[in-house]
Amino acid sequence: MNEYYLKRNELLASKLINSLKKRNFKAYFCRNKHEANELILKSVSKDEIISWGGSITIDELGIKNILKENNYKLIDRDSAETNKEKEDLIIKSITSDVFLMSANAVSEDGEIVNIDKKGNRIAALCFGAERVFIVIGVNKIVKSLNDAVSRARNIAAPVNAQRIADIIKMNTPCTSNGSCADCKTEDSICSNILITRLSCPKNRITVIIVNEELGF
């Protein structure tokens, strides 16, 4: 990104952070992934159990490897040797002390949108985890709530479907033509759409806006 784009993003992020704080979120701006990782590490302890949802943003941060290398207590779904073990770890992760995730979109007014197939990420976000950290790249900031829902359904979901189709067989319109068709197939990854308007209780959810393009 050139300096003018970075500056614009910083100004927009400042506006968004004010909106998020009014909605009872903790909110921070980081210039890059390194700053975001430092902020997370300062905010968690080795006494807490930490986990995460499936997230390209969290993968791109590199925070998972940092936590592993420094012997934090983790529920790591990727360590499972069988599908049953992986499913058990996913269920346990919902009630971890700290849950790391991203979002599909966030409006300038501070409303956060996530789409989930099974609902494990949004279950941790809504209720399960003691504390939640949502890391959001500036590419996911949009003007309004309608724009956020549209981005989640028409950009994030079709791209994620393509990613999942590389792992398991998928039969959805978006894996064939890249466009959301509001499908109702069994393979649809859009079973649950969550709008998070407020952090309840106050400061339970921390939002970290990163001045980089992260995830889908």
Scan region 82-101 for residues that are charged (D, E, K, R) and part of a helix (DSSP H, G or I) and jot them down.
-> LYS84, GLU85, LYS86, GLU87, ASP88, LYS92
Are any of the residues in region 46-56 under 14 Å from PHE216 (Cα atoms) and either of a type in the set (A, V, I, L, M) or touching a Gly at 6+ places or on another chain (Cβ under 7 Å) (or both)?
-> yes
Working only within region 14-59, note down all residues that are of a type in the set (Ser, Thr, Tyr) and within 12 Å of VAL98 (Cβ to Cβ).
-> SER43, SER45, SER51
Does GLU35 satisfy the condition of being in contact (Cβ under 8 Å) with a residue 12 or more places away in the chain and over 22 Å from PRO201 (Cβ atoms)?
-> yes
Within region 43-64, can you find the residues that are surrounded by fewer than 14 Cβ atoms within 10 Å (Cβ to Cβ) and within 18 Å of the chain's Cα centre (by Cα)?
-> GLY62
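For (1) assigned to a helix (DSSP H, G or I); (2) open to solvent by 60 Å² or more (accessible area, probe 1.4 Å), each residue gets a yes or a no:
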| position | (1), (2) |
| --- | --- |
| TYR5 | yes, yes |
| ILE17 | yes, no |
| LEU20 | yes, no |
| LEU41 | yes, no |
| ILE66 | yes, no |
| ASN71 | no, yes |
Could you check, for region 193-214, whether at least one of its residues is assigned to a helix (DSSP H, G or I) and small (Gly, Ala, Ser)?
-> no
The correct count of residues that are among the polar types (S, T, N, Q) and touching a strand residue (DSSP E or B) at 6+ places or on another chain (Cβ under 7 Å) in region 44-67 is 3
Residues being assigned to a helix (DSSP H, G or I) and either open to solvent by less than 90 Å² (accessible area, probe 1.4 Å) or closer than 25 Å to SER144 by Cα (or both) - total across region 22-39 | 7
Please specify each residue of region 111-166 satisfying the condition of being aromatic (Phe, Trp, Tyr) and either crowded, with 20+ Cβ neighbours inside 10 Å or within 16 Å of CYS190 (Cα to Cα) (or both).
-> PHE133
By residue number, the members of region 186-212 that are more than 20 Å from the chain's Cα centre (by Cα) and surrounded by 12 or more Cβ atoms within 10 Å (Cβ to Cβ) are ASP187
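The values are calculated or read from the model by the stated rules, or taken from the named source; none is laboratory data. Just so it is clear, the structure is predicted and the values come from calculations on it, not from any experiment. Every residue, glycine among them, receives a Cβ derived from its backbone with ideal geometry; neighbour counts consider all protein chains shown. What goes into the accessible areas is simple: the full protein's heavy atoms, side chains included, and nothing from ligands, DNA or RNA. Shrake-Rupley method; radii C 1.70, N 1.55, O 1.52, S 1.80 Å.
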